[in-house]
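Q: Before I ask anything, here is the structure I am working with.
Values in this text are rule-based calculations from the coordinates and carry no lab data. Everything quoted here is computed from the prediction, not taken from an experiment. All Cβ positions, even for glycine, are placed from backbone atoms using ideal geometry, and neighbour counts span all protein chains on display.
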Amino acid sequence: MKRPLSLRTLLVLLAMTAVAPGIAVLVYSSVVVQRDEVVHARQELESVAKLVAANQEQLTEGVRQILVTIASGPSVRRYDLHDLCVEFLRNVQAATPAYANIGVLGLDGKIECQGRAGETGGDANGRQYFRNAIETGKFSVGTYMVGITSGRKAVGFGMPVYDYSGKLRGVAFAGLDLEYANRQLNSISLPKHLVIHVTDAAGRLLVSSSSAMALGEQLPDQAVQAAIAARRTGSFASTDAAGVEWLHATRPIGGVDRDALMVSVRVRKADAVALADSHFQVQLAIIGVASLAGILLALLFAQRGLAQPVRNLLGRMRRIEQSQAISSSDIAPAATTSREFAELEAGFSSMVARLQINQQQLLKAQELAGVGFFEFDMRSGTYWGSESTYRLYGLDPAWGPVSIATFRTLVHPDDLPMVVAHRDRMLAGAAPTRLQYRVVRPDGSLCWVDSFGTIEHDPDGRPILYSGAVQDITERMLSEQAARVHENRFQRLFENSLDGVLQTTPEGTILAANSAACRILGMSETQLQERGRNGLLVESDPRLKVMLDERAATGHTRGELTLMRADGSHFEVELSSTIYPDADGNSVCSMVLRDITDRIKAEQYIHRLAFFDALTELPNRRLLLDRLALLLASAQRNNRVGAVLFVDLDHFKNVNDARGHAVGDALLRDVAQRLSALMRAEDTVARIGGDEFVILMPDLAAEFTQGAQNAMSAAEKVRQALARPFDIDGQSYGSGCSIGVTLLPKTGQSTEDLLREADTAMYRAKTAGRNRIAFFESAMQAEVEEQFALQHDLAQALGTAQLEMAMQPQFDHAGQPVGCELLMRWTHPVRGPVSPALFIPAAEESGLILQLGNWVVHEGCLAVLRLQQAGRTMPVSINVSPRQFRQPDFVGRVRTILAETGAPASLLIFEVTEGLLIDNLDDTVRRMNELVAMGIRFSIDDFGTGYSSLGYLRRLPLYELKIDRSFIQDTPSDPGHTAIVQSILSMASHLRLRVVAEGVETVEQREFLRQSGCTFMQGYLLARPMSMDAWLESPAAAA
């Protein structure tokens, strides 16, 4: 049997056992509180990292938009416009001060042109953005660098540049000034203790809210370096070389690709959990002191022994009965040699020990829960509390009851009126309620107390006792205060953000809006909540559905969108939106938006500077070269003729010298307006400097001759338009012009060739006497001039004896004249007889065919009357062109001529070609029927050479068909043409149409036609064309 433990040992173990649960619970509570503080701090770090990343993403997107504009410029895409490239980039540099430098690098990495003044040629082969742009062919983000030319700390961005053939020619770059980026970040109000870094892909510092590190240095924390290398999004903890624990949050900017910039936010863990640590240390010290005191007391009592067992036992019983707490002396048994008394002492001690343990556990439980009990004797004015209550108030429990005056000194002065008012309400009979107030302990420390009590009354209804419980709620109140502080920090960041921030439900209800959003949208937060997200969107914007679908699929979207302000006006924003769960697990949407109206205006301004003439607002030389390259490529691809017109004002210098540059500028603007109004929508009118204008005309014709004629017509319109006076401030100014014309495409022709050729032709026109038009192609010049001269002479011949109508009779099988065809003849005083094959096409192109057509109808009517007067009444055939026939007033003009001449319409036959029937057959049939109703008959001339179809022949009100001479001339020797003639005769017989064979020149042809059933013939064998007078005097007319 084991030897019983000594009382001393038992007392020491008992004291240690009583203290251990309290310490364990205190340690566990502190660990839980610290863990919650760490979780909350990491969530706050992630939120800040997300907002900073969104801000930097928008900054990066701005850089990309600038580089897209630069890379698409003609002076950048071409190899030979260095000076224009420099001018363009300096304009962009001046409009965008956020960049240390912008420019263009060749494939060898050398600077070709840049926006910053300085020497070019610096080598960028080692730059990350340059290599990535070359390798990927996309927008690329570089690393920390010091500018080659500017010497400023920056981060580089690159965009590949392609020439007009689609070949990579270099890289457009921009170096974002890191001092500018740091000023932007530090302008934002950030929570205390937070340190924000933006690094490149290699972990070098680019932007920081702290001045502890120099830009370009590597971040020392290996854990942060690993997160940057892994492009990690989230939070984590680390310990630095000095043993300091940190909490971090990292997030990539613009994606997780290898070159993405990174945002890292950090805070000392000690700062995050400082409040919880201080509470733990105070409580641990209190428990340690109390535990040490208990152990010392146990040892002291064990030393004294157990004398006078009975007296001591009785005294112990009385003390226990009278006291409110069991002391250690009440437990220890008295020393005795009596076994029974020893058993009695042992039994009593055991009972008392169990009672003490229960009492201590109850007190410890109250202490751990921060709960104590109190009684306030309202008759004596004394206040008594449990040990936990005394400790809560910072008092020594040995003091015993204290006065109400002492209690009042412990209540925080600001809360004392509230406590007194609560007591007065209770005394007045109000129901018991909880009361929270602050206590200032004697040592100056502060704690929060939650109190609840009731009042007891004597039989007469007088209050005699106020009792209840108090609980220490300091930790809870401090946690709530910390939460409010954290919320205030986030709210300040939310409110002080330069970008508009909206918080919405997925359905579009707006939950919150910061002041920037209210300012951008022109509404208060209440108005925004009433309108909702959908009231801000423009449904017609095609980008809206794309962004909504992307957010639904990935939880995030970013891009540009059109929104609507309170006044209904539309404006462009950069917008990013993310769906995330709130504290209750409900889905919430964030919308971060930035008004980019000014940026778009700046881009448009840069575009206008780069591509348009400031004075006339016409395309400038750069845009002209771009469009000229497109025109040449299109002409070569589609095999269509185009033209370049180089227009130079004559004597413009005289206007400038005589009237000043203001008048000269006004004249140039008027010239630009007149040229723009004159040309087609697809044409380009550009001013390339001084008084020189260039006009690009695509798609003029399929072959060069026709294209040259059309170009000449357009140039003549320009010459005539600019020859008219200009009215400027009431004064009239004349300004003719010299025009050079060149055609395209020609083999090996380039854009430089086209401008040089047009310029050469223009100087040729000036040398010839100004106010002229000259072609670069000499042969084409002669041909066009001849064509225009022919048209001019034909116009002069109208209404003169130069034009006359000859007649060619038509004969039946017996050789008798049965009709005639009038044929136009032109005898020029210098040229002599001009073939209809030359002047009829010229009349068609110039529009003179309409006047000639009306004259022919009139002459046909006079011929009918002349034959009647001579006693040789017969039908007269005249040719009607398709253009004349389609004139809206053609039927009315014919009716007018018939009325004026008195000729019978039944003796007129209108010969039309099959080409008339191709377009708008219904309208053609309608017009023919109107003329047939007058008595006019119709003949298809040159039948068989065009659109021959039984379907349309059945629909037309025809009288006869004329077989084309090309078929007659080879009969009967050619079997194919012989078969065609016989087929036409058979078809005409079936349709009951009269047939006239044209071009009968041999006896064999005549005999073949007679045998084939052709009754009527016309040709040189039978009679040549002659004047009406000559025929009437001939024997054939007399027969």
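Q: Residues with amide H under 5 Å of GLY122's amide H, sequence separation 5 or more or different chain, H placed in the peptide plane at 1.01 Å from N; which?
A: ILE111
Q: Sort 999-1011, 378-390 for me by packing, meaning the mean count of neighbouring Cβ atoms within 10 Å per residue, highest on top. Please list the in-between numbers first.
A: Working: 999-1011: 16.5, 378-390: 18.3.
Listed from highest to lowest mean packing, they are 378-390, 999-1011.
Q: Over all distinct alpha-carbon pairs, what is the Kirkwood Rh of region 505-601 in angstrom?
A: Hydrodynamic radius (Kirkwood, Cα only) of region 505-601 equals 13.9 Å.
Q: Related question: Separation of region 702-756 and region 134-160 by C-alpha centroid, Å?
A: For region 702-756 versus region 134-160, the Cα centre distance is 46 Å.
Q: If you don't mind, there's one more thing I want to ask. Which order do peptides 175-182, 397-404 fall in by mean Cβ count within 10 Å, highest first?
A: 175-182, 397-404
Q: Only bridges whose two residues both fall in region 794-1038 count here: according to DSSP, what percent of them are antiparallel, nearest 5?
A: Bridges in region 794-1038 are about 40 percent antiparallel.
Q: In whole Å, what is the distance between the alpha-carbon centres of region 869-932 and region 50-92?
A: Going from one Cα centre to the other spans 67 Å.
Q: Once phi is turned into θ = phi - 60°, what whole-Hz ³J(HN,Hα) does the Karplus curve with 6.51, -1.76 and 1.60 give for every residue of region 714-724, x standing for Gly and Pro?
A: 5, 5, 5, 4, 5, 4, 5, 5, 7, 6, 6
Q: Across 10 Å bins from 0, what is the distribution of all Cα-Cα pair distances for region 703-830, in whole percents?
A: Taking every Cα pair in region 703-830, the percentages come to 11, 27, 23, 18, 11, 6, 3, 0.
Q: Follow-up. If you average over every viewing direction, what projected area does the convex hull of the Cα atoms of region 559-655 give, in nm²? If you can, show how the numbers build up before the last one.
A: On the way: hull surface 53.3 nm².
For the Cα atoms of region 559-655, the hull's average projected area reads 13.3 nm².
Q: I would also like to ask the following. Out of every Cα-Cα pair in region 857-907, what percent are more than 15 Å apart?
A: Tail of P(r) above 15 Å: 47 percent of Cα pairs.
Q: Here is a further query. From zero up to wherever the largest Cα-Cα distance of region 154-245 sits, split into 5 Å bins and tell me the percent of pairs in each.
A: Calculated over all Cα pairs of region 154-245, the distribution is 3, 11, 17, 18, 18, 11, 7, 6, 4, 2, 1, 1, 0 percent.
Q: Hey, another quick one. Could you tell me the extents of region 60-180's C-alpha atoms along the three principal axes, largest first, rounded to whole Å?
A: The Cα atoms of region 60-180 stretch 39, 29, 26 Å along their principal axes.
Q: Please state the Cα pair-distance histogram of region 370-496 with 5 angstrom bins from zero: what percent is in each bin?
A: Whole-percent P(r) values from 0 Å outward: 2, 10, 17, 22, 18, 11, 7, 5, 4, 2, 1, 1, 0.
Q: Just need the relative contact order of region 60-180 here, percent rounded to a whole number, with Cα pairs under 8 Å and 6+ apart.
A: Values: 262 pairs, mean separation 32.6, N = 121.
Over region 60-180, the number comes to 27 percent.
Q: Give the Cα extents of region 794-1038 along the principal axes, in whole Å, largest first.
A: 47, 45, 36
Q: For region 880-976, how big is the tail of P(r) above 17 Å, as a whole percent of Cα pairs? Walk me through the numbers before you get to the answer.
A: Numbers: 2509 of 4656 pairs.
Of all Cα-Cα distances in region 880-976, 54 percent exceed 17 Å.
Q: While we're on this one: Averaging sequence separations of C-alpha pairs under 8 Å and six or more residues apart, then dividing by the length of region 883-986, give the relative contact order as a whole percent.
A: After rounding, I find 22 percent.
Q: Can you order the peptides 553-566, 827-840 by their average number of other Cβ atoms within 10 Å per residue, highest first?
A: Packing proxy ranking, top to bottom: 553-566, 827-840.
Q: I've got another one for you. Could you work out the Kirkwood radius for region 675-724, taking every pair of different alpha carbons, averaging 1/r and inverting it, reported in Å?
A: Kirkwood hydrodynamic radius for region 675-724: 11.8 Å.
Q: Separation of region 794-848 and region 540-584 by C-alpha centroid, Å?
A: Spelled out, the Cα-based centre of one part sits 74 Å from the other.
Q: Counting only Cα, what are the radius of gyration and maximum Cα-Cα distance Dmax of region 598-685, in Å?
A: Over region 598-685's Cα set, Rg and Dmax evaluate to 16.1, 49 Å.
Q: Take the alpha-carbon positions of region 612-776, form their convex hull, and give its projected area averaged over all directions (one quarter of the hull surface) in nm².
A: Value for region 612-776: 9.0 nm².
Q: Still on this structure: Step through the residues of region 166-179 one at a time and calculate ³J(HN,Hα) from phi using the Karplus curve (6.51 cos²θ - 1.76 cosθ + 1.60, θ = phi - 60°), rounding each to whole Hz and writing x for Gly and Pro.
A: x, 8, 5, 10, x, 9, 7, 10, 9, x, 6, 5, 6, 5
Q: Restricting attention to region 657-728, which GluC sites (Glu not before Pro) occupy a DSSP loop and are surrounded by at most 12 other Cβ atoms within 10 Å?
A: GLU682, GLU703
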